[in-house]
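Some notes on the structure that comes next.
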Amino acid sequence: MKRAILVTGGSRGIGAAISTMAAARGYAVAINYLHDERSARALLAAIEAGGGAACLVQGDVAEEADVERMFDTAVARFGALYGVVNNAGITGRLGKFVAAEPASIAQIFRTNVLGTMNCCRAAIQRFQRSGSTGVIVNLSSIAAVTGSPNEYVHYAASKAAIETFTLGLAREVAVDGIRVCAVAPGSTLTDIHATAGEPGRPARIAPNIPMRRLATPEEIAEPVLWLLSDAASYMNGATVRCSGGL
(Lines give C-alpha, C1' and ligand atoms only; values in the text may rest on other atoms or scores of the structure.)
Protein backbone atom coordinates (compact mmCIF):
# COMPACT_ATOMS: atom_id res chain seq x y z
CA MET A 1 0.00 0.00 0.00
CA LYS A 2 1.26 3.46 -0.88
CA ARG A 3 2.10 5.85 1.92
CA ALA A 4 -0.44 8.68 1.83
CA ILE A 5 0.36 12.35 2.36
CA LEU A 6 -1.64 15.56 2.26
CA VAL A 7 -0.05 18.67 0.72
CA THR A 8 -1.71 22.01 1.48
CA GLY A 9 -1.54 24.64 -1.24
CA GLY A 10 -0.50 21.70 -3.37
CA SER A 11 -1.75 22.70 -6.80
CA ARG A 12 0.66 25.50 -7.78
CA GLY A 13 4.27 26.60 -7.40
CA ILE A 14 6.29 24.80 -4.74
CA GLY A 15 3.22 22.84 -3.66
CA ALA A 16 2.70 21.46 -7.17
CA ALA A 17 6.36 20.44 -7.36
CA ILE A 18 6.05 18.66 -4.00
CA SER A 19 2.85 16.90 -5.08
CA THR A 20 4.31 15.83 -8.43
CA MET A 21 7.59 14.62 -6.95
CA ALA A 22 5.85 12.76 -4.13
CA ALA A 23 3.55 10.95 -6.53
CA ALA A 24 6.49 10.02 -8.75
CA ARG A 25 8.25 8.53 -5.72
CA GLY A 26 5.35 6.31 -4.80
CA TYR A 27 3.26 8.36 -2.39
CA ALA A 28 -0.51 8.70 -2.70
CA VAL A 29 -1.08 12.45 -2.60
CA ALA A 30 -4.11 14.41 -1.40
CA ILE A 31 -3.69 17.80 -3.06
CA ASN A 32 -5.30 20.71 -1.24
CA TYR A 33 -6.28 23.90 -3.06
CA LEU A 34 -8.40 26.92 -2.17
CA HIS A 35 -9.61 28.76 -5.29
CA ASP A 36 -7.69 27.59 -8.37
CA GLU A 37 -9.64 24.46 -9.28
CA ARG A 38 -8.42 24.59 -12.87
CA SER A 39 -4.74 24.28 -11.87
CA ALA A 40 -5.60 21.60 -9.32
CA ARG A 41 -7.45 19.48 -11.87
CA ALA A 42 -4.67 19.88 -14.43
CA LEU A 43 -2.10 18.72 -11.86
CA LEU A 44 -4.28 15.78 -10.86
CA ALA A 45 -4.63 14.73 -14.49
CA ALA A 46 -0.87 14.97 -15.05
CA ILE A 47 -0.11 12.85 -11.98
CA GLU A 48 -2.66 10.21 -12.93
CA ALA A 49 -1.41 10.15 -16.53
CA GLY A 50 2.03 9.33 -15.14
CA GLY A 51 0.66 6.42 -13.13
CA GLY A 52 0.52 8.23 -9.79
CA ALA A 53 -2.24 8.16 -7.18
CA ALA A 54 -3.77 11.47 -6.15
CA CYS A 55 -6.99 13.19 -5.19
CA LEU A 56 -8.13 16.79 -4.66
CA VAL A 57 -9.24 18.23 -1.32
CA GLN A 58 -10.54 21.77 -1.57
CA GLY A 59 -10.56 23.92 1.53
CA ASP A 60 -9.25 26.92 3.48
CA VAL A 61 -6.57 25.88 5.98
CA ALA A 62 -7.53 28.83 8.18
CA GLU A 63 -11.01 27.37 8.67
CA GLU A 64 -11.12 24.50 11.15
CA ALA A 65 -14.23 22.94 9.58
CA ASP A 66 -12.57 22.94 6.16
CA VAL A 67 -9.46 21.30 7.59
CA GLU A 68 -11.50 18.53 9.21
CA ARG A 69 -13.27 17.88 5.91
CA MET A 70 -9.97 17.89 3.99
CA PHE A 71 -8.40 15.32 6.28
CA ASP A 72 -11.52 13.15 6.38
CA THR A 73 -11.63 13.13 2.58
CA ALA A 74 -7.97 12.17 2.31
CA VAL A 75 -8.32 9.36 4.85
CA ALA A 76 -11.48 8.05 3.18
CA ARG A 77 -9.65 7.89 -0.15
CA PHE A 78 -6.24 6.58 0.87
CA GLY A 79 -6.54 5.27 4.42
CA ALA A 80 -4.34 6.37 7.33
CA LEU A 81 -2.07 9.29 6.51
CA TYR A 82 1.70 8.91 6.71
CA GLY A 83 2.59 12.60 6.33
CA VAL A 84 1.42 16.17 5.92
CA VAL A 85 3.18 19.03 4.16
CA ASN A 86 1.97 22.45 5.29
CA ASN A 87 2.81 24.49 2.23
CA ALA A 88 -0.20 26.83 1.93
CA GLY A 89 0.87 30.41 2.52
CA ILE A 90 0.46 34.00 1.35
CA THR A 91 2.75 37.04 1.41
CA GLY A 92 0.46 39.99 0.83
CA ARG A 93 1.62 42.95 -1.25
CA LEU A 94 5.20 44.10 -1.26
CA GLY A 95 5.89 47.32 0.60
CA LYS A 96 6.81 48.91 3.89
CA PHE A 97 5.08 47.57 6.99
CA VAL A 98 3.48 50.92 7.86
CA ALA A 99 1.64 50.87 4.53
CA ALA A 100 0.30 47.33 4.92
CA GLU A 101 -3.44 46.98 5.37
CA PRO A 102 -4.37 45.58 8.79
CA ALA A 103 -6.79 43.16 7.15
CA SER A 104 -4.00 41.82 4.94
CA ILE A 105 -1.69 41.34 7.92
CA ALA A 106 -4.43 39.46 9.76
CA GLN A 107 -5.08 37.22 6.75
CA ILE A 108 -1.38 36.40 6.44
CA PHE A 109 -1.30 35.19 10.04
CA ARG A 110 -4.60 33.33 9.65
CA THR A 111 -3.33 31.42 6.64
CA ASN A 112 0.35 30.98 7.42
CA VAL A 113 0.26 30.45 11.19
CA LEU A 114 -3.26 29.45 12.20
CA GLY A 115 -3.62 27.38 9.01
CA THR A 116 -0.45 25.45 9.75
CA MET A 117 -1.53 24.91 13.36
CA ASN A 118 -4.98 23.70 12.29
CA CYS A 119 -3.47 21.15 9.93
CA CYS A 120 -0.87 19.99 12.44
CA ARG A 121 -3.58 19.39 15.04
CA ALA A 122 -5.70 17.46 12.54
CA ALA A 123 -2.70 15.41 11.44
CA ILE A 124 -1.61 14.50 14.96
CA GLN A 125 -5.15 13.53 15.96
CA ARG A 126 -5.35 11.16 13.01
CA PHE A 127 -1.90 9.69 13.57
CA GLN A 128 -2.92 8.97 17.15
CA ARG A 129 -6.31 7.53 16.22
CA SER A 130 -4.73 5.09 13.81
CA GLY A 131 -2.00 4.20 16.28
CA SER A 132 0.66 5.10 13.74
CA THR A 133 3.67 7.34 13.61
CA GLY A 134 3.79 10.21 11.12
CA VAL A 135 5.78 13.06 9.64
CA ILE A 136 4.86 16.74 9.31
CA VAL A 137 6.89 19.15 7.20
CA ASN A 138 6.07 22.84 7.53
CA LEU A 139 7.15 25.44 4.98
CA SER A 140 8.91 28.42 6.49
CA SER A 141 10.94 31.00 4.56
CA ILE A 142 14.40 32.53 4.64
CA ALA A 143 12.44 35.70 5.45
CA ALA A 144 12.17 34.36 9.01
CA VAL A 145 15.85 35.21 9.52
CA THR A 146 16.34 38.11 7.09
CA GLY A 147 13.23 39.99 8.26
CA SER A 148 12.46 41.14 4.68
CA PRO A 149 12.65 44.88 5.43
CA ASN A 150 10.86 47.15 2.96
CA GLU A 151 9.07 44.16 1.43
CA TYR A 152 6.95 42.19 3.91
CA VAL A 153 8.18 42.11 7.48
CA HIS A 154 4.75 40.88 8.65
CA TYR A 155 5.09 37.84 6.37
CA ALA A 156 8.59 37.28 7.74
CA ALA A 157 7.18 37.39 11.27
CA SER A 158 4.58 34.77 10.37
CA LYS A 159 7.31 32.44 9.13
CA ALA A 160 9.42 33.01 12.24
CA ALA A 161 6.37 31.86 14.19
CA ILE A 162 6.27 28.70 12.08
CA GLU A 163 9.87 27.85 12.97
CA THR A 164 9.27 28.28 16.71
CA PHE A 165 6.04 26.29 16.47
CA THR A 166 7.82 23.53 14.55
CA LEU A 167 10.51 23.18 17.21
CA GLY A 168 8.13 23.18 20.15
CA LEU A 169 5.66 20.79 18.55
CA ALA A 170 8.43 18.41 17.48
CA ARG A 171 9.65 18.14 21.06
CA GLU A 172 6.10 17.66 22.32
CA VAL A 173 5.09 14.77 20.02
CA ALA A 174 8.45 13.01 19.56
CA VAL A 175 7.52 10.51 22.28
CA ASP A 176 4.60 9.44 20.07
CA GLY A 177 6.91 8.68 17.16
CA ILE A 178 5.81 11.76 15.22
CA ARG A 179 8.46 13.89 13.54
CA VAL A 180 7.95 17.59 12.78
CA CYS A 181 10.44 19.56 10.68
CA ALA A 182 10.47 22.57 8.40
CA VAL A 183 12.02 23.72 5.14
CA ALA A 184 12.84 27.42 4.71
CA PRO A 185 13.05 28.26 1.00
CA GLY A 186 14.77 31.29 -0.36
CA SER A 187 13.24 33.20 -3.24
CA THR A 188 11.81 30.75 -5.76
CA LEU A 189 10.64 31.02 -9.36
CA THR A 190 6.86 30.91 -8.88
CA ASP A 191 3.98 33.29 -9.47
CA ILE A 192 4.26 34.53 -5.87
CA HIS A 193 6.26 37.56 -7.09
CA ALA A 194 3.55 38.68 -9.49
CA THR A 195 0.89 38.09 -6.85
CA ALA A 196 2.86 40.30 -4.45
CA GLY A 197 2.83 43.08 -7.03
CA GLU A 198 6.26 42.84 -8.69
CA PRO A 199 6.54 40.32 -11.55
CA GLY A 200 10.13 41.44 -12.21
CA ARG A 201 11.28 40.85 -8.65
CA PRO A 202 13.36 37.72 -9.49
CA ALA A 203 15.70 39.73 -11.72
CA ARG A 204 15.98 42.46 -9.09
CA ILE A 205 16.87 40.24 -6.16
CA ALA A 206 19.00 37.56 -7.86
CA PRO A 207 22.26 39.57 -7.49
CA ASN A 208 21.73 39.64 -3.71
CA ILE A 209 21.69 35.85 -3.46
CA PRO A 210 25.17 34.24 -3.07
CA MET A 211 24.37 31.74 -5.84
CA ARG A 212 23.12 34.65 -8.00
CA ARG A 213 19.86 32.95 -8.93
CA LEU A 214 16.48 31.95 -7.56
CA ALA A 215 15.50 28.37 -6.77
CA THR A 216 13.26 26.27 -8.95
CA PRO A 217 10.23 24.77 -7.20
CA GLU A 218 11.77 21.32 -7.66
CA GLU A 219 14.86 22.40 -5.71
CA ILE A 220 12.62 23.19 -2.75
CA ALA A 221 10.59 20.01 -3.15
CA GLU A 222 13.72 17.85 -2.82
CA PRO A 223 14.48 18.63 0.86
CA VAL A 224 10.76 18.34 1.67
CA LEU A 225 10.66 14.84 0.21
CA TRP A 226 13.88 13.95 2.02
CA LEU A 227 12.44 15.03 5.37
CA LEU A 228 9.37 12.90 4.69
CA SER A 229 11.50 9.87 3.92
CA ASP A 230 13.04 7.22 6.16
CA ALA A 231 16.45 8.69 5.28
CA ALA A 232 15.60 11.56 7.65
CA SER A 233 14.38 9.32 10.48
CA TYR A 234 16.48 11.13 13.12
CA MET A 235 15.58 14.62 11.95
CA ASN A 236 13.13 16.29 14.32
CA GLY A 237 12.46 19.93 15.15
CA ALA A 238 14.95 21.08 12.51
CA THR A 239 14.48 23.80 9.92
CA VAL A 240 16.41 23.07 6.73
CA ARG A 241 17.38 26.26 4.92
CA CYS A 242 17.32 25.97 1.13
CA SER A 243 18.14 29.52 0.12
CA GLY A 244 21.13 29.66 -2.19
CA GLY A 245 23.50 30.71 0.60
CA LEU A 246 21.48 33.38 2.40
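The values are calculated or read from the model by the stated rules, or taken from the named source; none is laboratory data. Because the structure is a prediction, the values reported are computed rather than measured. Cβ placement follows ideal geometry from the backbone for every residue including glycine, while neighbour counts extend to all protein chains displayed.
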Looking only at residues in the range 196-221 that are crowded, with 17+ Cβ neighbours inside 10 Å, assigned to a helix (DSSP H, G or I) and at pLDDT 85 or above, which one is farthest from the chain's Cα centre (by Cα)? 219
Selected residue (only one of 69, 129, 171 is in contact (Cβ under 8 Å) with a residue 24 or more places away in the chain and part of a helix (DSSP H, G or I)): 171
Checking the conditions here, which among 75, 85, 61, 57 is closer than 22 Å to residue 178 by Cβ and part of a helix (DSSP H, G or I)? 75
Cβ-Cβ under 6 Å pairs, at least 6 apart or on other chains, the range 228-246 side part of a strand (DSSP E or B), far side hydroxyl-bearing (Ser, Thr, Tyr) and modelled with pLDDT of 95 or more: 239/140
Residue list for the range 118-164, filter: closer than 17 Å to residue 237 by Cα and aliphatic (A, V, I, L, M): 123, 124, 135, 136, 137, 139, 142, 144, 145, 160, 161, 162
Out of curiosity, is residue 90 assigned to a helix (DSSP H, G or I) and buried (at least 18 other Cβ atoms within 10 Å of the Cβ)? no
Which residues, taken from the range 49-73, are hydrophobic (A, V, I, L, M, F, W, C) and surrounded by fewer than 16 Cβ atoms within 10 Å (Cβ to Cβ)? 49, 65
Residue 142: passes all of (1) in contact with a strand residue (DSSP E or B) (Cβ under 7 Å, 6 or more places away or on another chain); (2) under 26 Å from residue 3 (Cβ atoms); (3) not hydroxyl-bearing (Ser, Thr, Tyr) but (2)
